[in-house]
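Notes follow once the structure below has been shown.
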Amino acid sequence: MVDDLLDLSQLDAGRVALSRRLTDVVALARTVIEPFAVRDGATLFPIDVEGAVPHLFIDPDRISQILENLLSNAVRHGAPGRPVVVRVRADDARAHITVSNEGAGIPTEDLTRIFARFERGKRARDGAVKGYGLGLFIVHELVTAHGGEIDVESPPKGPTTFTVSLPLESERGARANLL
Ligand SMILES: Nc1ncnc2c1ncn2[C@@H]1O[C@H](COP(=O)(O)OP(=O)(O)OP(=O)(O)O)[C@@H](O)[C@H]1O
Ligand SMILES: [Mg+2]
């Protein structure tokens, strides 16, 4: 919570200080997943890497924070004991990281609201899982600061899937953009 509030004050000021460096996002994702998989014992966290994923010019701590938030949401709001699947792939322009979980899902009317500050889904408000509705707001701001996008899909009978898309930029291109 304290970390969340520190982040909020930064986000409010419209400045998220990113320390970008060329990063192996697949290795980063494996590192972030590990404590979740161990802590949850029986819960599996398969990571599915499709093809080669180039190194990205990103802030590894911030991208870890994004993944931690999405994984913790998947564990807390998803079906207990069921696998959470992480996928990483790249197309010509962007790398896509998806976190997918089973469970009751997110009602359609909540899908656009949940990225706003202090907004929790109806099911979370009615249920036993505590939270402030800050996680996805912070995630959204951090993804945007990277020039990326976040999407969510939660069809009535299907899994809930969050997708973070980050631009593939050469180190040189990314540095030029920062100037
Ligand atoms: N993986 C998921 N499966 C189902 N519902 C989700 C999932 N992730 C988020 N949600 C819904 O989106 C809402 C907003 O998520 P967010 O992370 O911002 O808040 P929170 O998890 O409730 O609280 P906090 O992150 O501050 O602890 C949640 O309250 C929940 O209703
Ligand atoms: Mg959360």
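The values are calculated or read from the model by the stated rules, or taken from the named source; none is laboratory data. Being a predicted model, the structure only gives us computed values, none of them experimental. Cβ placement follows ideal geometry from the backbone for every residue including glycine, while neighbour counts extend to all protein chains displayed. What goes into the accessible areas is simple: the full protein's heavy atoms, side chains included, and nothing from ligands, DNA or RNA. Shrake-Rupley method; radii C 1.70, N 1.55, O 1.52, S 1.80 Å.
Of all residue pairs spaced 6 or more apart or on separate chains, those with beta-carbon atoms under 8 Å, a first member in the range 106-130 that is free of Cβ contacts under 8 Å to residues at least 24 places away in the same chain and within 7 Å of ligand 1 (Cβ to nearest atom) and a second member that is of a type in the set (Val, Ile, Thr) and open to solvent by less than 90 Å² (accessible area, probe 1.4 Å) are Arg120/Ile114. For the range 75-96, the criterion of being within 7 Å of ligand 1 (Cβ to nearest atom) and of a type in the set (A, V, I, L, M) is met by no residue. Is it true that some residue in the range 125-139 is touching a strand residue (DSSP E or B) at 6+ places or on another chain (Cβ under 7 Å) and at pLDDT 95 or above? Scanning the range 125-139 turns up at least one residue that is touching a strand residue (DSSP E or B) at 6+ places or on another chain (Cβ under 7 Å) and at pLDDT 95 or above. Please verify whether the range 139-160 includes one or more residues that are among the hydroxyl-bearing types (Ser, Thr, Tyr), surrounded by 18 or more Cβ atoms within 10 Å (Cβ to Cβ) and under 19 Å from Thr98 (Cβ atoms). Scanning the range 139-160 turns up at least one residue that is among the hydroxyl-bearing types (Ser, Thr, Tyr), surrounded by 18 or more Cβ atoms within 10 Å (Cβ to Cβ) and under 19 Å from Thr98 (Cβ atoms).
I'd like to know if the range 51-69 contains one or more residues that are within 7 Å of ligand 1 (Cβ to nearest atom), open to solvent by 20 Å² or more (accessible area, probe 1.4 Å) and assigned to a helix (DSSP H, G or I). Yes, the range 51-69 contains at least one residue that is within 7 Å of ligand 1 (Cβ to nearest atom), open to solvent by 20 Å² or more (accessible area, probe 1.4 Å) and assigned to a helix (DSSP H, G or I).
Scanning the range 22-33 finds one or more residues that are modelled with pLDDT of 95 or more, farther than 28 Å from Tyr132 by Cβ and part of a loop (DSSP other than H, G, I, E, B).
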